[in-house]
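**Student:** Handing you a structure now.
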Amino acid sequence: MKATAIAPSNIALVKYWGRRNNELVLPFNTNLSMTFDKMYTTTTIEFSDAHERDVVIINGKEVDGDKFARSSKHIDLIRKMAGIETRMKMVSTNNFPTRAGFASSASGGAAEAMAAAAAAGLKLNDRELSILARRSGSGSAARSIHGGFVIWHRGERDDGNDSYAEQFVDENYWKEFRVLATVLDEREKKVTSAEGMEDTVKTCPYYPTWVETAKKDVETIRKAILDRDFKAVGETAEHNCLKMHALMLTTRPSLIYWGPETIEIMKAVQAWRSEGVHAYFTIDAGPNVKVLCLKDNQEDVAARLRALPIVKNVIETQPGPGARLVDEHLF
Ligand code: DP6
């Protein structure tokens, strides 16, 4: 059977950093994100005896090595759940440039889970799909199943069955919210999130404080989103991002994901704020910066970012819908 899913990428406002179980991808801290309206992955998966071996094609190229291993391990899990052993072909494309400095693993993992589950004949609800997307290897994929604003619960159980993401307001609740994704550096990062967070958990002396304070950050931002209180969301998201980077900096060996241009944008955003521009930043495990603002000042903030010579591109996004199955297949 063949199925195709479209899944969006997302940006964490309270970050996920650190796993209490590597194999099951269980986070130490509950985290919170916004799903993008732009930037998504489309994936078609077919299980068929016509395929003699598993084949994974991403953006027109057959992949092997780590990328292939990650997908085929995820698909093995789905085959086991469905009680099948049939080989599969997977074709996947991103609608955003792969080298634009954005992780496509959240959208890729969610699209892979949804398409493979449907192609294998599994009938899963959103919670089960989120758990399955989490197991893609990129934990943030668990959040991409849902649209709008989403919380991924860390859960307490050892088997991970209570560690799933769920929507708390949909994409229409706060339509004016904007995330301007700036492209600064298009190189792939040297240390993946999975490797980096493992080192942090083992060696960073501040890690317990992170886990403890992230709880409060989730509560503060959740409430601020419900109240549409932009200042509270921005302040808390920026602070939470800096706390995560403080962990990274104090990991051994240290993880400095920023480049000089990252710091330039951080300082520019803070300087604009002191001029009365309501904008905040957040940064993942890489050099690119996402700037939070509202529709009212979107044009102004985007123009300020584009005027900086270090900025290669600005992608303007707002809350969007979650992953869904579609009828049009890629092959
Ligand atoms: C810093 O393992 O979910 O983006 O980096 O895409 O492999 P990839 O994803 P994942 O780690 C995400 C870490 C983070 C914070 C976040 O998105 O919560």
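What follows draws every value from the coordinates through simple rules; no lab data is involved. Owing to the predicted nature of the structure, the values given are computational and were not obtained by experimental measurement. Quick reminder, even Gly has a Cβ in these numbers, built from the backbone with ideal geometry, and neighbours come from all protein chains shown.
**Student:** What is the extension gain from Lys190 to Lys38, computed as 0.36 nm multiplied by their sequence separation minus the C-alpha to C-alpha distance, in nm to one decimal?
**Tutor:** 52.1 nm
**Student:** Amide H of Thr30: which non-local residues (sequence gap of 5 or more, or other chain) have their own amide H closer than 5 Å, using H built in the peptide plane?
**Tutor:** Residues meeting the criterion, in which the H sits 1.01 Å from N, are Arg154.
**Student:** Continuing with the same structure: Give the dimensionless ratio obtained when the Cα radius of gyration of the stretch 186-331 is divided by 2.2 N^0.38 Å.
**Tutor:** Compactness ratio reported: 1.18.
**Student:** With a ≥ b ≥ c the root eigenvalues of the C-alpha gyration tensor of the stretch 68-181, is it rounded (a/c under 1.5), prolate (a/b larger than b/c) or oblate?
**Tutor:** Oblate.
**Student:** Expressed as an acute angle from 0 to 90° and rounded to the nearest 10, what is the orientation of the C-alpha long axis of helix 105-119 relative to the principal long axis of the chain?
**Tutor:** For helix 105-119, the angle is close to 30 degrees.
**Student:** Of Val201, Leu294, Thr182, which is farthest along the charge dipole of the stretch 178-303 in the positive direction, counting Lys and Arg as +1 and Asp and Glu as -1 at C-beta?
**Tutor:** Working it through, the farthest residue towards the positive pole turns out to be Val201.
**Student:** Something else about it: With 20 Å bins from zero, work out the P(r) of the chain over every alpha carbon pair and list the percent per bin.
**Tutor:** Calculated over all Cα pairs of the chain, the distribution is 33, 58, 9, 0 percent.
**Student:** Got a sec? How would Phe281, Phe149 order by Cβ neighbour count within 10 Å, fewest to most?
**Tutor:** Phe281, Phe149
**Student:** Would you order Ser163, Ser274 from fewest to most other beta-carbon atoms within 10 Å of each residue's own beta-carbon?
**Tutor:** The order, fewest Cβ neighbours first, is Ser274, Ser163.
**Student:** R0 = 25 Å: FRET efficiency of Ala69 with Asn22, Cβ-based, nearest 0.05?
**Tutor:** According to the calculation, E is roughly 0.95.
**Student:** If you average the alpha carbon positions of the stretch 104-149 and of the stretch 183-213, how far apart do those two centres end up, in angstrom?
**Tutor:** Each part reduced to its Cα centre gives a spacing of 23 Å.
**Student:** Taking other Cβ within 10 Å of each residue's Cβ, how do Glu62, Glu195 sort, fewest first?
**Tutor:** Taking fewest neighbouring Cβ atoms as first place, the list is Glu62, Glu195.
**Student:** Using +1 on the beta carbon of Lys and Arg, -1 on that of Asp and Glu, and nothing else charged, what's the dipole of the chain about the Cα centre, debye to 20? If you can, show how the numbers build up before the last one.
**Tutor:** Details: 44 positive and 45 negative charges, 74 e Å.
It comes to approximately 360 debye.
**Student:** Using label points projected 7 Å from each Cα along Cα→Cβ, tell me how many nm separate Ala271 and Lys175, to one decimal.
**Tutor:** 3.6 nm
**Student:** Which order do the peptides 151-160, 113-122 take when ranked by the mean count of other beta-carbon atoms within 10 Å per residue, highest first?
**Tutor:** Answer by packing, highest mean first, reads 113-122, 151-160.
**Student:** Kindly identify the stretch 238-302 as rounded, prolate or oblate by the Cα gyration tensor criterion: order the square roots of the eigenvalues as a ≥ b ≥ c, call it rounded if a/c is under 1.5, otherwise compare a/b with b/c, prolate if a/b is larger, else oblate.
**Tutor:** Taking the square roots of the gyration eigenvalues as a ≥ b ≥ c, the stretch 238-302 is prolate.
**Student:** Mind jotting down the distance between the C-alpha centroids of the stretch 218-257 and the stretch 259-273, whole Å?
**Tutor:** So the separation of the two Cα centres works out to 16 Å.
**Student:** Going by a ≥ b ≥ c, the root eigenvalues of the Cα gyration tensor, does the stretch 123-243 fall in the rounded group (a/c under 1.5), the prolate group (a/b larger than b/c) or the oblate group?
**Tutor:** Rounded is the answer for the stretch 123-243, as its axis ratio a/c remains below 1.5.
**Student:** Would you be so kind as to identify which of Ala285, Ala271, His239 lies farthest towards the positive end of the dipole of the stretch 176-305, taking Lys and Arg as +1 and Asp and Glu as -1 on Cβ and the Cα centre as origin?
**Tutor:** Checked the options; the winner is His239.
**Student:** Please give the FRET efficiency for Glu328 paired with Ile84, using the beta carbon to beta carbon distance and R0 = 30 Å, rounded to the nearest 0.05.
**Tutor:** Working: r = 24 Å, r/R0 = 0.81.
Using R0 = 30 Å, I get an efficiency of 0.80.
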